[in-house]
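This report concerns only the one structure given below.
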Amino acid sequence: MKIYMKKGTVTNFKSEAIVVPIFQKEKRLSGAMELLDKKCNGLIEEIIRGGDIEGKHLQVFPTHTRGCIPAKRIVLVGAGKRKEFTLDKLRGAVAAAAREVRSLNLKNFSTSLEFYPLEQTIDQIARAVVEGAVLGLYRFLPYKTVERKEIREIEEFVIVDKRDAVLRTAMPAVDEAGIIASAVYFARDMASQPGNEMTPTDMANEARKVARRNNVALKVYGEGWMKKMGMNAFLGVAKGSDEPAKFIVLEYRGGKMNAPFIALVGKGLTFDSGGISLKPAEKMDEMKSDMAGGAAVMGALMAAADLRLKVNVVGLVPATENLPGGRAYKPGDVLKTMSGQTIEIISTDAEGRMILVDALTYAGRYKPEAIIDLATLTGACVIALGENVIGMMGTDDALKEKIRKAGDETGERVWELPLWEEYNELIKSDVADYKNSGGRPGGAITAAALLGKFVGKYPWVHLDIAGPAWLSKERPYIPRGASGVGVRLLVQFLKNWQQKEKH
Ligand code: BES
Ligand code: MN
Ligand code: ZN
């Protein structure tokens, strides 16, 4: 779908449909909406009076214009109560309207920024409109062959505005949002792919797409290199699978030559069966998305490069399968990590932390200014916070605050869980330095506590995305399945970081 801004009056603009938000409990329209309604002899207010749409968030009601304006239809969409309207509600409303447009088989639609009364800046509003439309229309259909011909996509979305100052600031924002949304699609596609089509080798090939950008360098390391590095925790997990493991390193240099790196580390389990500690069969298929953290890191680097952000970022993605093969690691095994510290295996299903500890140690080689890891790490985090929230733990309050802010700005919200010293007791092992599972109590936290032993002195935040990475229930602008969560959060974080670096 092509997206662009055009100077003009929305009432004079020709398209298949104009999207117009309706606020709850408001019988009278105002501003640009009132003007539009006047042109149409009160059509919209009549529809509201008739009770066809109350304005409840995400309600939709399409109507023909019968020539009152050049646009063929108006798609009314509920925006909820005006006082409760937020950027996130805006994203959702545009997404719902866009899906309605698609289900009507229309080729294009339009809207105007004049319709959305928010105190936020115009570039934020423009970005939310684009994100809502693109993210809400996402589908994963490459394996649908029978109904292939019936699949229709909207070709064009035009945002019309007559105000010059608005166009000046909103136009680049629209382009930016398009870039970020593409990176979210990239991550969603990767996490949606079945395990047989998204192996560690496939992931490395996806990284090559990122590496085509300017100022991006890629290294893909194999198991021989990992052995030399002493990454025996990572290798331990990989041993149960015949698919060769890959350690993917993407460096983006957009900042000053000698400015320190920000390290992003993403869990890349292309399939997690649990290994010898085999998972129950129910929903095991969803474990094809256990590389969502790695996908988010790669998506964030893609967007950072496309946006030419002035930061230096390294993305580290250890990628492997976790399978119960003949050489698989076993409960009771003790593995020596790259850091030299040892870990006793209690459950082979606690594999994410095993591959991450070596990646975190490796991150230290960059002497990074911050380390952020993203991982579908624990079911416990989903139990604690639900499906829509990212669990945050870490050692650095300033860094946590920055992540929190980026989360609020993007709607990819985080909630902190404590990482107090007491939790270390739960991961003490009788035979090794640590054990890889502290049992069920505080499961999300004990996982983070183990990771914390491998980050050295660097400011670090761990984001457990096990809940929001794969949705069983759709959200307004996130369809069911792979969400691409983390991409927008990380990009916003990097954008804000870059602003800080300017002074
Ligand atoms: N990939 C899973 C965590 C997960 C569960 C992600 C559900 C998304 C949805 C992880 O590798 C895992 O199996 N964790 C175990 C840890 C336990 C054995 C200590 C868990 O959460 O049960
Ligand atoms: Mn597991
Ligand atoms: Zn896992």
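Things to note:
- Against the numbered list (1) touching a strand residue (DSSP E or B) at 6+ places or on another chain (Cβ under 9 Å); (2) among the polar types (S, T, N, Q); (3) closer than 21 Å to LYS162 by Cα, SER30 comes up short only at (1).
- Subset of the stretch 466-481 (residues that are touching a Ser or Thr at 6+ places or on another chain (Cβ under 9 Å), crowded, with 24+ Cβ neighbours inside 10 Å and either not small (Gly, Ala, Ser) or not assigned by TED's automatic domain parsing to the domain that holds ASP349 (or both)): PRO468, TRP470
- Within the stretch 405-431, the set of residues being open to solvent by 70 Å² or more (accessible area, probe 1.4 Å) and under 19 Å from ALA128 (Cα atoms) comprises LYS405, ASP408, ARG413.
- Meets criteria (part of a helix (DSSP H, G or I), away from ligand 3 (no atom under 13 Å from the Cβ), in the same structural domain as GLY340 (by TED's automatic domain parsing) and open to solvent by 10 Å² or more (accessible area, probe 1.4 Å)) for GLY224: yes
- Restricted to helices (runs of 4 or more DSSP H) entirely inside the stretch 316-413, those with at least 3 residues that are assigned by TED's automatic domain parsing to the domain that holds GLU286, within 16 Å of ligand 1 (Cβ to nearest atom) and under 19 Å from the mean Cα position of the chain (by Cα) are 379-385.
- Checked against (1) within 16 Å of ligand 3 (Cβ to nearest atom); (2) β-branched (Val, Ile, Thr); (3) modelled with pLDDT under 95, THR395 passes all but condition (1).
- Applying the condition of being in contact (Cβ under 8 Å) with a residue 60 or more places away in the chain and out of contact with any Leu (no Cβ under 9 Å at 6 or more places or on another chain) to the stretch 353-365 and asking which residue is surrounded by the fewest Cβ atoms within 10 Å (Cβ to Cβ) yields GLY364.
- Residue list for the stretch 15-44, filter: open to solvent by less than 40 Å² (accessible area, probe 1.4 Å) and more than 28 Å from ILE154 (Cα to Cα): LEU29, GLY42
- Within this structure, VAL431 passes the test of being part of a loop (DSSP other than H, G, I, E, B), touching a residue at least 60 places away in the same chain (Cβ under 8 Å) and more than 25 Å from LYS367 (Cβ to Cβ).
The values are calculated or read from the model by the stated rules, or taken from the named source; none is laboratory data. Everything quoted here is computed from the prediction, not taken from an experiment. Note that each Cβ is placed from the backbone with ideal geometry, even for glycine, and that neighbours are counted across all protein chains shown. Ligands, DNA and RNA are excluded from the accessible area calculation, which covers all protein heavy atoms including side chains. Shrake-Rupley method; radii C 1.70, N 1.55, O 1.52, S 1.80 Å.
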